[in-house]
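Let me begin by presenting the structure, written as structure tokens, before commenting on it.
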Amino acid sequence: MTASLISLLLALGGFAALSLSMQRHARQAQAPGWLPRRPVLRWIGWGFLASSFIRCIARPDWRLALVEWVGALGLAAGIIVLILIYRPRILPFIPKAAMLLALLAMAAGRL
């Protein structure tokens, strides 16, 4: 359960960073300060998604984890689309919050 939650949070942060790296979505979120950081945001977004994938396949039941990862990607993409439609101003906070919550979930899973 915790691994799936961590993968979902990392995917959510990845898709948010990738959407902020696009000029249209950065303007839609009214975050013009993010535009000069577009290449960095792309690397951060892909890094989040790669971390989500690695977190999934590191489990012993990696075949089932791949199916859960694809589901987490779909859910995260849907959440980002809904945020872009209804509340685009909170988009710049999503990558930071997702990373913080993923770290907290990892720490809670080790206790």
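Side notes on the structure shown:
- Summing Cβ point charges (Lys, Arg +1; Asp, Glu -1) relative to the Cα centre of the stretch 2-110 gives a dipole of roughly 360 debye.
- Mean Kyte hydropathy of 1.0 or more with a Cα span along the axis of at least 20 Å, helices from DSSP in the chain: 2-20, 62-86, 94-110
- Per the Debye formula on identical point scatterers at the alpha carbon atoms of the chain, with no solvent, log10 I(q)/I(0) at q = 0.12, 0.17, 0.21 Å⁻¹ is -0.40, -0.75, -1.05.
- Surface per residue (accessible, 1.4 Å probe) for the stretch 2-110, Å²: 59
- Of all accessible heavy-atom area on the stretch 2-110, the percent that carbon and sulfur account for (1.4 Å): 71
- Helical contribution to [θ] at 222 nm, DSSP H n ≥ 4, -39,500 (n - 2.57), averaged over the chain, rounded to 500: -26500 deg cm²/dmol
The values are calculated or read from the model by the stated rules, or taken from the named source; none is laboratory data. Model, not experiment: these values are computed from the prediction. Virtual Cβ from ideal backbone geometry, glycine too; neighbours counted across all protein chains shown. Side chains are part of the model used for accessible areas, which takes the heavy atoms of the whole protein and leaves out ligands, DNA and RNA. Shrake-Rupley method; radii C 1.70, N 1.55, O 1.52, S 1.80 Å.
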